[in-house]
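The structure under discussion appears below in the form of structure tokens.
The values are calculated or read from the model by the stated rules, or taken from the named source; none is laboratory data. Source: prediction; values computed, not measured. A quick note on method: Cβ atoms are made from the backbone with ideal geometry, for glycine too, and the neighbour counts reach across all protein chains shown. With ligands, DNA and RNA removed, areas are computed over all heavy atoms of the protein, side chains included. Shrake-Rupley method; radii C 1.70, N 1.55, O 1.52, S 1.80 Å.
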Amino acid sequence: TSHKSYRPLTVLTFRINYYLSGGFHPMSFHVTNILLHGGISVLMLDVFSVLLGGLQYTSRGRRLNLAPRSSLLAALLFATHPVHTECVAGVVGRADLLGALFFLLSFLGYCKAFRETGNKEGTHSTFWVLLSILLGAVAMLCKEQGITVLGLNAIFDILVIGKLNVLEMVQKVLHKDKSLENIRMLRNGGLLFRMTLLALGGAGVLYVRWKIMGTGPPAFTEVDNPASFADSVLVRAINYNYYYSLHAWLLLCPWWLCFDWSMGCIPLIKSAGDWRVTAPAALWLGLIGLICRALCSADRHRRRILTLSLGFLIIPFLPASNLFFRVGFVVAERVLYLPSAGYCMLLTFGFGALSKHTKKKKWIAAVILGILFINVLRCVIRSGEWRNEEQLFRSALSVCPLNAKVHYNVGKNLADRGNQTAAIRYYREAVRLNPKYVHAMNNLGNILKERNELQEAEELLSLAVQIQPDFAAAWMNLGIVQNSLKRFEAAEQSYRTAIKHRRKYPDCYYNLGRLYADLNRHVDALNAWRNATVLKPEHSLAWNNMIILLDNTGNLAQAEAVGREALELIPNDHSLMFSLANVLGKSQKYKESEALFLKAIKAHPNAASYHGNLAVLYHRWGHLDLAKKHYEISLQLDPTASGTKENYGLLRRKLEQMQKKDV
């Protein structure tokens with residue numbers, strides 16, 4: 001219902017983590033991610049051995065690793081690449097990890113289709129081909145890009161199994177060669193059959209997903225992906241290509257990493273005079289050069305490696321390319337998890353080619369070790385930044401100072417820690433960078449409301465709901481401000497609008513109840529609070545207000561019934577124990593009231609009112625020494641409590657009179 005992400009298997013693993021750890025305890029979530037990345041890195045060793053060394057089996061069906069050192073280096077480069085930190089350290093990266101795991105298993109399964117045939121022309125195991133398609137479907141149920149493994153399998157089959165020479169075929173077409181040699185090869189090799197299976201399998205999986213998700217496009221906003229909302233096709237094309245070059249730069253130099261690249265982080269390129277157009281030009285020059293080398297090289301080994309590297313680099317990235325549908329980001333490090341394997345292959349191949357043409361092999365080894373060391377160091381630094389919100393958000397300020405969301409998150413973190421003055425500064429900057437940032441306006445309005453700067457708070461919240469009329473939270477907060485300004489009719493209307501846009505909104509019902517209580521509309525207040533507790537049975541404040549209102553209006557029996565009902569649902573809430581204890585005390589159920597007071601004090605021993613009201617109970621009950629003790633404790637905790645002082649004075653005079661009478 002949001003951005004068309006249907007990832008049931010990823011969600012299932014989160015549910016398993018939640019169940020096994022007994023709640024939202026992050027340790028097991030993170031350990032799972034680390035284990036997945038470790039397992040994928042080990043699998044990469046097998047994948048790279050096939051991609052770099054070719055696919056050959058012994059007579060016993062055991063696959064040969066013809067490039068052990070190259071595949072190990074590529075796997076190490078993959079395992080330590082800093083761009084993967086987001087997928088591993090961020091819990092939501094589980095989707096990319098699981099998708100990659102089944103992507104690789106699908107590819108290796110496809111390779112096994114030729115295990116028992118010895119690569120004889122026209123022979124394969126249909127079981128393994130079908131299993132590979134099934135694993136591709138599983139990968140897609142973890143993350144959408146998992147389905148692209150079928151495309152990689154097809155390219156691998158054509159180039160490695162079918163030994164198709166693309167350049168030779170193009171030349172024959174250009175020269176109008178009537179030879180049907182290639183067609184016969186496709187038929188005899190069983191390639192057409194396997195391509196048909198892959199195509200039908202992919203189409204079937206996509207059809208099932210389409211039936212589940214429907215045909216509507218994902219719902220994204222302009223701030224998520226501004227280029228996709230540009231009117232000019234040329235502007236869109238230039239910016240998309242610029243985004244590709246930024247992703248490529250993150251693979252080459254993963255030093256500037258950021259948890260979010262949206263909200264103005266990367267301004268749009270609107271003219272050819274912008275110097276940034278050189279980045280996509282450089283990217284395409286590099287890609288075209290690699291493609292030419294892949295197609296035109298006389299060395300079949302080089303052709304295979306370069307083509308498969310480019311396939312691994314480009315094919316898994318296609319769903320994130322904006323070519324087929326709009327995506328909800330500008331740059332995202334997580335989408336590079338699988339494409340980085342192609343980059344690691346190219347880098348490994350480059351080092352291999354360089355070592356063949358130079359005698360200074362120790363220098364090359366030193367450079368490789370240096371790259372691995374720098375990668376590990378950057379991973380450690382970046383993982384440290386992911387350890388808590390403050391470090392993560394502040395690390396983004398130097399990378400994306402124009403990103404309103406970064407300033408918003410820093411401000412929210414400061415507000416959560418009680419530093420409202422600094423939070424206001426960051427919220428104001430977020431609104432300055434993005435004048436339509438309604439969430440920043442809402443949070444800033446909330447802080448200003450708490451600081452009693454009600455006029456500005458009302459202006460901000462009114463602007464937020466004007467920009468986004470269905471923003472229920474802003475409507476509710478606007479109602480709270482209007483209530484504080486004694487504009488009760490406007491406040492009621494704001495609360496009603498919030499509930500209209502979010503039917504299940506217990507906090508809004510709670511605040512509406514407070515408004516009705518201020519207006520002495522007691523029945524309406526009770527109904528509103530009852531709605532809040534129906535929607536959210538653990539809404540302690542709503543329960544408490546019902547008990548207190550019924551108590552204050554003399555409905556002790558009803559107040560007691562509501563209090564008992566509330567404690568059944570929230571048995572450990574000390575504030576409910578306190579409110580019900582007060583009601584029971586007034587009903588002269590002293591023993592039960594005392595037990596609840598003592599239980600509340602045990603849960604919250606430093607609450608002066610708890611001791612003060614228990615003292616009042618003992619005072620009424622005739623346990624004057626206990627009353628004196630708790631009055632004194634209450635006054636120690638809150639010396640300014642006038643009611644407690646007055647009651648304590650009455651008790652002391654009564655005790656003095658009793659002493660005189662005894663004398």
Sole miss for Leu98 among (1) under 28 Å from Ala219 (Cα atoms); (2) open to solvent by less than 30 Å² (accessible area, probe 1.4 Å); (3) among the aliphatic types (A, V, I, L, M); (4) without any contact (Cβ under 8 Å) to a residue 60 or more places away in the chain is condition (4)
Output for Cβ contacts, cut-off 7 Å, separation at least six or different chains, first residue more than 17 Å from Thr221 (Cα to Cα) in segment 423-440, second surrounded by fewer than 20 Cβ atoms within 10 Å (Cβ to Cβ), reads Ala423/Ile447; Ile424/Ile447
Scanning segment 307-323 residue by residue, those of a type in the set (A, V, I, L, M) and open to solvent by 10 Å² or more (accessible area, probe 1.4 Å) turn out to be Leu310, Leu313, Ile314, Ile315, Leu318, Ala320, Leu323
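For Phe488, are the conditions met, namely being under 23 Å from the mean Cα position of the chain (by Cα) and hydrophobic (A, V, I, L, M, F, W, C)?
Numbers: under 23 Å from the mean Cα position of the chain (by Cα): no; hydrophobic (A, V, I, L, M, F, W, C): yes.
No; evaluated as a whole, the condition is false for this residue.
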The correct count of residues that are more than 14 Å from Ile305 (Cβ to Cβ) and in contact with a Leu (Cβ under 6 Å, 6 or more places away or on another chain) in segment 47-74 is 1
**Message:** Can you find a residue that is hydroxyl-bearing (Ser, Thr, Tyr), in contact with a Gly (Cβ under 6 Å, 6 or more places away or on another chain) and open to solvent by less than 30 Å² (accessible area, probe 1.4 Å) anywhere in segment 532-545?
**Reply:** no
Could you tell me whether any residue of segment 100-107 is out of contact with any Leu (no Cβ under 7 Å at 6 or more places or on another chain) and among the hydrophobic types (A, V, I, L, M, F, W, C)? no
Flagged in segment 310-341 as over 23 Å from the mean Cα position of the chain (by Cα), at pLDDT below 95 and among the small types (Gly, Ala, Ser), in numbering order, are Gly311
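May I ask you to say which residue of Ser28, Ser5, Ser59 is within 21 Å of the chain's Cα centre (by Cα) and part of a loop (DSSP other than H, G, I, E, B)?
Numbers: Ser28 fails: part of a loop (DSSP other than H, G, I, E, B); Ser59 fails: within 21 Å of the chain's Cα centre (by Cα).
Of the residues listed, the single one that is within 21 Å of the chain's Cα centre (by Cα) and part of a loop (DSSP other than H, G, I, E, B) is Ser5.
For Cys111, are the conditions met, namely being within 29 Å of Phe193 (Cβ to Cβ) and at pLDDT 90 or above?
Numbers: within 29 Å of Phe193 (Cβ to Cβ): yes; at pLDDT 90 or above: yes.
Spelling it out, Cys111 is indeed within 29 Å of Phe193 (Cβ to Cβ) and at pLDDT 90 or above.
For every residue, the table says whether it meets (1) over 16 Å from Leu98 (Cα atoms); (2) of a type outside the set (Phe, Trp, Tyr); (3) not assigned by the TED database to the domain that holds Pro319.
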| position | (1), (2), (3) |
| --- | --- |
| Leu20 | yes, yes, no |
| Ser41 | no, yes, no |
| Gly54 | yes, yes, no |
| Tyr57 | yes, no, no |
When restricted to Lys629, Lys589, Lys599, Lys645, the only residue more than 29 Å from His522 (Cα to Cα), basic (Lys, Arg) and assigned by the TED database to the domain that holds Asn544 is Lys599
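Restricting attention to segment 265-280, and to residues there that are in a loop (DSSP other than H, G, I, E, B) and open to solvent by 40 Å² or more (accessible area, probe 1.4 Å), which single residue is farthest from Gly328 (Cα to Cα)?
Step one: filter segment 265-280 for residues in a loop (DSSP other than H, G, I, E, B), giving 265-274.
Filter once more, so that each one left must be open to solvent by 40 Å² or more (accessible area, probe 1.4 Å): 267-268, 270-273.
Values: Pro267: 16, Leu268: 16, Lys270: 20, Ser271: 24, Ala272: 25, Gly273: 27 Å.
Among those that are in a loop (DSSP other than H, G, I, E, B) and open to solvent by 40 Å² or more (accessible area, probe 1.4 Å), it is Gly273.
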**Asked** Is it the case that segment 521-533 has a residue that's free of Cβ contacts under 8 Å to residues at least 12 places away in the same chain and in the same structural domain as Ser575 (by the TED database)?
**Response** no
* Please indicate, with yes or no, whether at least one residue in segment 375-387 is open to solvent by less than 20 Å² (accessible area, probe 1.4 Å) and either in contact with a Cys (Cβ under 8 Å, 6 or more places away or on another chain) or outside any helix (DSSP H, G or I) (or both). => no
Scanning segment 333-350 for residues that are open to solvent by 30 Å² or more (accessible area, probe 1.4 Å), of a type outside the set (A, V, I, L, M) and in contact (Cβ under 8 Å) with a residue 40 or more places away in the chain gives Arg334, Tyr343, Phe349
When every residue in segment 1-32 that is farther than 28 Å from Phe220 by Cβ and of a type in the set (Val, Ile, Thr) is compared, the one least open to solvent (accessible area, probe 1.4 Å) is Thr32
Taking segment 513-529 and keeping residues in a helix (DSSP H, G or I) and open to solvent by 10 Å² or more (accessible area, probe 1.4 Å) leaves Arg514, Ala517, Asp518, His522, Val523, Asp524, Leu526, Asn527
Reported set for segment 245-258 where residues are touching a helix residue (DSSP H, G or I) at 6+ places or on another chain (Cβ under 7 Å) and open to solvent by 40 Å² or more (accessible area, probe 1.4 Å) is Trp255, Trp256
Ala353 vs (1) at pLDDT below 95; (2) under 21 Å from Ala248 (Cα atoms): all pass except (2)
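Which one of Arg326, Arg302 is at negative phi, assigned to a helix (DSSP H, G or I), open to solvent by 50 Å² or more (accessible area, probe 1.4 Å) and in the same structural domain as Asn153 (by the TED database)?
Going through Arg326, Arg302 in turn, just one is at negative phi, assigned to a helix (DSSP H, G or I), open to solvent by 50 Å² or more (accessible area, probe 1.4 Å) and in the same structural domain as Asn153 (by the TED database): Arg302.
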A careful count of residues in segment 172-223 that are surrounded by 13 or more Cβ atoms within 10 Å (Cβ to Cβ), on the phi > 0 side of the Ramachandran plot and modelled with pLDDT under 70 gives 0
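When the residues of segment 33-47 are narrowed to those that are without any contact (Cβ under 8 Å) to a residue 60 or more places away in the chain and open to solvent by 30 Å² or more (accessible area, probe 1.4 Å), which ends up nearest to Ala89 (Cα to Cα)? Lay out the reasoning, then the answer.
So the first thing to find is which residues in segment 33-47 are without any contact (Cβ under 8 Å) to a residue 60 or more places away in the chain, and the list is 34-35, 38, 41-42, 45.
Among the residues that remain, those that are also open to solvent by 30 Å² or more (accessible area, probe 1.4 Å) are: 34-35, 38, 42, 45.
Values: Ile34: 8, Leu35: 12, Gly38: 13, Val42: 19, Leu45: 22 Å.
By that ranking, first place goes to Ile34.
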Conditions (1) surrounded by fewer than 19 Cβ atoms within 10 Å (Cβ to Cβ); (2) assigned to a helix (DSSP H, G or I) -> Arg115 fails only (2)
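Given the criterion of a type in the set (Gly, Ala, Ser), touching a Lys or Arg at 6+ places or on another chain (Cβ under 9 Å) and closer than 28 Å to Gly264 by Cα, identify the matching residue among Ala422, Ala415, Ala472.
Values: Ala422 fails: touching a Lys or Arg at 6+ places or on another chain (Cβ under 9 Å); Ala415 fails: touching a Lys or Arg at 6+ places or on another chain (Cβ under 9 Å).
Every option except Ala472 fails the conditions.
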Within segment 228-264, restricting to residues that are assigned to a helix (DSSP H, G or I) and among the small types (Gly, Ala, Ser), the one that is farthest from Leu323 (Cα to Cα) is Ala248
